[in-house]
Amino acid sequence: MQSPLTGILPVAPTPFHDDGTLDPQGMRNVVDCLIDQGVDAFCILANYSEQFLLSDDERTEMQRVSLEHNAGRVPVIVTTSHFSTDIAVARAKAAEAMGASMLMMMPPYHGAGLKADDEGIMEHFRAVSDAVSIPIMVQDAPLSGVTLSVPLLVRMAREIENVSYFKIECPFAADKLAALIEQGGDAIVGPFDGEEAVTLLADLDAGCTGTMTSGLFPEHIGEIVRDYLKGDKEAALRGWQRCLPLINHENRQCGLRACKTVYAAGGVIGSDHVRHPLKPMSQRTKDRLLDLARDLDLIALKWGK
C-alpha cells in the first residue's frame, strides 16, 4: 500500500439476490467495477455495505470473496466496528490475516445510552491496534452518536500506534478537519472526507487528502480529488459542480440504495435488493437517479453490457 494512502476510497456495496441471499459473484463484479473506475483503494463491510444486516458468517464470506478476488490489485479497507472490544479485536485480526491493508472503525456505541467515555474509546482502539500491524482509520460518523473531540482524535493519533487515518463526516466537517490537521501535525497521516462527497470541496480546502464515498461514481469523484491535490483547483471546482446534482440526489434521496440501483442497471450485479427493514426506492426517485447517472455517462451503467 502506498504511504500515505490518498485519493478515492469508495465503499463497496454488498450485493444480494432478489431473495435476499448473498451474491458472491456479484461481489466479485463489484470489485472489478470499482478497480475499472480507477479507485486508489476500496472499503468493504461498511455502513453503506449494509454491514448491520449481515451475520458474522456472511461477513466472513464476503470478506474472503472480496480480498481473494482483489488479489492485491488495490488496497482493501475492512470495517471491523463493534461495541465489544473483544469482538472488534477478533474481527481486526481476521481481516489482517485475510489480507486487509487497513481497518476502519467507529467508536464503540450501542443505541442512545450505551457509549464508551474517552478513556474507554482509547482503550478500545488501543486493544485493536496492539493486535494488528496495519493502519486504522477512525470513522467519525453521526450514526454513532459519539462525540469525538479534536483533542481526543489527536491524542489517539499520537498515543495509539496504528491510528493514523481519520474519516470525518460529522456536521461542519471542514472546520473539524482543519483543526485536526493543525493540532495533530505529522500524526495525522490520512485526513479523509466522507458522506458521498457532499462537502468535498470545503473539506479539500481544509486539508483533507482523500474521500470515502459510496461506489456510485468514483471515476468522477476521484478526478476531482486528483485535480485538487495537483493544484488545479479550478478543474476540481468544475468537476464538483458537474457532479453536484447526482451527489445531492444520492445523499438526500437515495442513501446506500443509489449505488446498488446503478450497478444493477449496468449489469454489475443482478439485483438492487436491500435487506429489510430497509426498503426499495420509489420509482420516481430511481428514475431521477438513473437520469442523472446517464448524464455523467457512468462506467457502472455500461460495465456489464
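Out of the residues in region 113-167 meeting the condition of being in contact with an Asp or Glu (Cβ under 6 Å, 6 or more places away or on another chain) and assigned to a loop (DSSP other than H, G, I, E, B), tell me which one is nearest to residue 3 (Cα to Cα). Ranking the candidates gives 134 first.
Just one of (1) in a loop (DSSP other than H, G, I, E, B); (2) more than 18 Å from residue 25 (Cα to Cα); (3) in contact (Cβ under 8 Å) with a residue 24 or more places away in the chain; (4) of a type in the set (D, E, K, R) fails for residue 297. It is (3).
Among the residues of region 127-148, the one identified as crowded, with 20+ Cβ neighbours inside 10 Å and among the charged types (D, E, K, R) is 140.
Of everything in region 94-122, what is surrounded by 15 or more Cβ atoms within 10 Å (Cβ to Cβ) and farther than 11 Å from residue 146 by Cβ? Give them in sequence order. Scanning region 94-122 gives 94, 95, 96, 98, 99, 100, 101, 102, 103, 104, 105, 122.
The residue of region 188-219 that is nearest to the chain's Cα centre (by Cα), among those that are among the hydrophobic types (A, V, I, L, M, F, W, C) and in a helix (DSSP H, G or I), is 197.
So how many residues does region 2-40 have that are on the phi < 0 side of the Ramachandran plot, part of a loop (DSSP other than H, G, I, E, B) and either surrounded by 15 or more Cβ atoms within 10 Å (Cβ to Cβ) or not polar (S, T, N, Q) (or both)? If you could, list the steps in order and put the result at the bottom.
Step one: list which residues in region 2-40 are on the phi < 0 side of the Ramachandran plot, which gives 2-6, 8-19, 21-37, 39-40.
Now narrow it down to the ones that are part of a loop (DSSP other than H, G, I, E, B): 2-6, 9-10, 12-15, 17-19, 21, 23, 37, 39-40.
This time we only want the ones that are either surrounded by 15 or more Cβ atoms within 10 Å (Cβ to Cβ) or not polar (S, T, N, Q) (or both), so: 4-6, 9-10, 12-15, 17-19, 23, 37, 39-40.
So the answer is 16.
Inside region 82-112, residues that are without any contact (Cβ under 8 Å) to a residue 40 or more places away in the chain, assigned to a loop (DSSP other than H, G, I, E, B) and closer than 27 Å to residue 171 by Cα make up a count of 6.
With respect to (1) buried (at least 19 other Cβ atoms within 10 Å of the Cβ); (2) in contact (Cβ under 8 Å) with a residue 24 or more places away in the chain, the lone exception for residue 227 is condition (2).
Limited to region 253-294, what total is found for residues that are β-branched (Val, Ile, Thr), under 23 Å from residue 29 (Cα atoms) and surrounded by fewer than 17 Cβ atoms within 10 Å (Cβ to Cβ)?
If we filter region 253-294 for residues that are β-branched (Val, Ile, Thr), which is where we start, we get 261-262, 268-269, 274, 285.
Then keep just the ones that are under 23 Å from residue 29 (Cα atoms); that gives 261-262, 268-269, 274.
From what is left, the residues that are surrounded by fewer than 17 Cβ atoms within 10 Å (Cβ to Cβ) are none.
Total satisfying the criteria: 0.
Counting only residues that are hydroxyl-bearing (Ser, Thr, Tyr) and over 19 Å from residue 37 (Cα atoms), region 253-276 holds 1 of them.
Only one of these is surrounded by 23 or more Cβ atoms within 10 Å (Cβ to Cβ), at pLDDT 95 or above and of a type in the set (A, V, I, L, M): 87, 77. Name it.
Working: 87 fails: surrounded by 23 or more Cβ atoms within 10 Å (Cβ to Cβ).
Of 87, 77, the one residue that is surrounded by 23 or more Cβ atoms within 10 Å (Cβ to Cβ), at pLDDT 95 or above and of a type in the set (A, V, I, L, M) is 77.
If the condition is being modelled with pLDDT under 95, of a type outside the set (D, E, K, R) and crowded, with 23+ Cβ neighbours inside 10 Å, then region 175-198 contributes 194, 197.
The values are calculated or read from the model by the stated rules, or taken from the named source; none is laboratory data. These numbers come from a predicted model, not from an experiment. Cβ: placed from backbone, ideal geometry, glycine included. Neighbour counts: every protein chain shown.
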